[in-house]
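Scroll down for the structure; my scribbles are underneath it.
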Amino acid sequence: MRTTVKSIIEKYNNDKTRLMDILIDVQKEFGFIPDEAVEVIAEGCGLSKVDVNQTLSFYHFFTKKPVGEYAVYLNNSAVAEMKGFASVAKAFEEEAGCAFGEVTEDGKIGLHETACIGMSDQEPAAIINNVVFTNLTPAKVKEIVGQMKAGKDVKEMISAKGDGKNANELINAEVFNNIRKKGEVIFSDYEIGTALKKLGTMNPEEVIDEVKASYVRGRGGAGFPTGLKWEFCRKSEGTRYVLCNADEGEPGTFKERVILTEVPKLLFEGMAVCGYAIGSKVGILYLRYEYKYLEAYLENVLAEMRASNLLGKNIQGIEGFDFDVRIQFGGGAYVCGEESALIESAEGKRGEPRNRPPFPVQKGYMDSPTVVNNVETLCSIVKIMNKGSEWFTMMGSRESAGTKLLSISGDCKYPGVYEIEWGLRVRDMLEMVGAEDVQAVQVGGPSGVMIGPKDFKRTICFEDLPTGGSIMIFNNERKLIEDVVTNFTDFFIEESCGSCVPCRAITVLLRQRLQKIIDGNGVMSDIDELKDWAEKLKVANRCGLGQTAGAPVLTTIENFRDKYEALVQKDIDFDSGFDLEASVQASCAFVDRTPNL
Ligand SMILES: Cc1cc2nc3c(=O)[nH]c(=O)nc-3n(C[C@H](O)[C@H](O)[C@H](O)COP(=O)(O)O)c2cc1C
């Protein structure tokens, strides 16, 4: 084992900042990360065992115990639950003969739950040994587990191939993309390399001015003006970096997966334009581990671009314009989408958000000036360069220029990716996707807002309903509090990095109080207390995860208060919530006495 681990470390030049890659390779080689490997990694990279252990313990897909020869990661998001997660999970347990969180005695099959895997339009879905299985049913599970027991390679399994859809429809990376609407920016035709050629006639400041004039804002959710970000970075001293955020962890979003499989060259060209503008030679695509199956395909695209001088040295004959991209995989952690956590992770550490200031544009990757941009933002840049900022500002709404990709899932006839102009009314969006009898729409994923019909006249744009693109639709049969708010809150509990106490603790208190209400033991004051705690989360945490972890509770109390009131006891205003019997149970058991209250 030592020799294998040593050769893995050597592949990464014994560089401790490549710890994520080393752990990924070791996990792949042995199916887990043995203690002995931790020792070898620590020695080889000049780290302590604690350093290695603290990174590996942070990520969902790194384990110290075997995960099974066939490691099934079944998505447990709210949409997956709506589409049959429970029956599929039960079928896996029955067929495999072990429970979720366990591995069969022979070590063959491991069952694990995981957060959204970017397939919300094709749920229930699972990743098995880096192959995606979609639209699962108990019957399909039976077939898949049968094939596992027979030792079949996952790639050979019939159900891996897009659940019977025509194999030709499957885009290069073995997933099916439901692109329902192509718009003028991301999915319009273009000639690869045109933006790069144009750079020969512009200096970096002129490029930044053009980006500023387009008013393009970040597509990752926060909407920061991209041109300004680039300008700040260019003005900071030091080796500069371009980091593309493809973490795509917000439940319900899958547009990055679609861009990466459909138009990856658009993205890499956008990264190179950014490199030219800010004066950076190094681009890193930070890609979530859930998309590991895209690796070979994307590496191939990068190789093609190098061969066509779209990446590499003196790009398109522009003297001194050198830029290349490497892919950095994460290890499974939603918080790593937060830009400073992403940087920590890309440096081989736990994905814990940094204090700001300093901002990444001043002190980011390797403590150097860094632009972190979303995949879609960087793609938009190429079209802005090709067609001009004025063309771009003609689309969209007052404060939101251009188009936006929406990942739409849930109760609608046509789930998938839609490129719309900013400013689309929610009502029109619902009609476009064939949604009827709609009770609620979740705009922006669990960290966004849940709105009801009175708000369907509102528009999707930064000045009204901003979103990174996740849209989930719930019809009138769905139980919003019992099934959706609890699922979202569980997600935040699971994904909190734990460094801010309110994020770590209040989320759990919220979940317990929700359960009290759902169990019929709630009173009116519980609703107010829930609201109060959720408000505190907004101000008492360091990063956006903690600040929005109360959003499912807050926005449903605001827009669906009647649903909470229907669940609580109206005749009691207040109860302490203290269950005397439950609290003395442990001590009574200890002295072998039954509580006698
Ligand atoms: C918990 C959390 C998760 C995030 N996840 C993502 C993500 O997956 N992709 C993304 O582009 N931005 C994500 N963001 C926003 C980033 O911090 C950052 O604003 C963005 O990458 C900047 O790029 P943009 O300006 O092009 O949008 C997340 C933020 C938080 C707080």
For the chain, report the translational diffusion coefficient in µm²/s to the nearest whole number, using Stokes-Einstein at 4 °C, 1.567 mPa s, and a Kirkwood Rh over Cα pairs.
51
Could you work out the relative contact order of region 303-373? I mean the mean sequence separation of Cα pairs under 8 Å and 6+ apart, divided by the number of residues, in percent.
16
Straight-distance crosslink candidates among lysines, where the alpha carbon sits under 20 Å from Lys454 and sequence neighbours closer than 8 are dropped
Lys479, Lys563
In terms of modelled amide H atoms, which long-range or inter-chain residues lie less than 5 Å from the amide H of Asn475?
Asp411, Gln439
Run the helix sum for the chain: -39,500 (n - 2.57) per DSSP H stretch of 4+ residues, divided by residue count, reported at 222 nm to the nearest 500 deg cm²/dmol.
-12000 deg cm²/dmol
Apply the a/c threshold of 1.5 to the C-alpha gyration tensor of region 440-537 and tell me whether it is rounded, prolate or oblate.
oblate
GluC sites (Glu not before Pro) restricted to DSSP loop in region 366-462 with at most 16 other C-beta within 10 Å:
Glu399, Glu436
For region 70-165, just run the numbers: alpha carbon Rg, then divide by 2.2 N^0.38 Å, N being how many residues it has.
0.95
Near Thr104, within a Cβ-to-Cβ distance under 14 Å, what is the net charge of the other residues, with Lys and Arg +1 and Asp and Glu -1?
-4
Rounded, prolate or oblate: which fits region 194-394, taking a ≥ b ≥ c as square roots of the Cα gyration tensor eigenvalues, rounded meaning a/c under 1.5, else prolate when a/b beats b/c?
rounded
Return the Rg/Rh ratio of region 400-475 with Cα-based radii and a Kirkwood Rh.
0.91
Which angle from 0 to 90°, rounded to the nearest 10, does the C-alpha axis of helix 85-96 make with the longest principal axis of the chain?
80
Contact order normalised by residue count of region 70-165, Cα under 8 Å, 6+ apart, percent:
32
Once phi for every residue in region 382-396 is put through the Karplus expression 6.51 cos²θ - 1.76 cosθ + 1.60 (θ = phi - 60°), the whole-Hz ³J(HN,Hα) values, with Gly and Pro written as x, are 4, 6, 5, 5, 6, 10, x, 5, 5, 4, 5, 6, 5, 9, x
Within the set Lys28/Lys181; Lys281/Lys383; Lys11/Lys212, which residue pairs have Cα atoms separated by over 32 Å?
Lys28/Lys181; Lys11/Lys212
Charge tally in the Cβ shell below 14 Å around Gly223, where Lys, Arg are +1 and Asp, Glu are -1, Gly223 excluded:
0
Among the lysines, select those whose C-alpha is under 16 Å from the C-alpha of Lys152, and discard any that sit fewer than 8 residues away in the same chain.
Lys108, Lys140, Lys142, Lys161
Backbone N within region 29-57 under 18 Å of label point (7 Å from Lys64 Cα along the Cβ vector)
30-43, 47-57
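Here, each number is a calculation from the coordinates, and none is a lab measurement. No experiment lies behind these values; they were computed from the predicted model shown. FYI the Cβ positions are ideal-geometry reconstructions off the backbone, even for glycines, and counts take in every protein chain you see.
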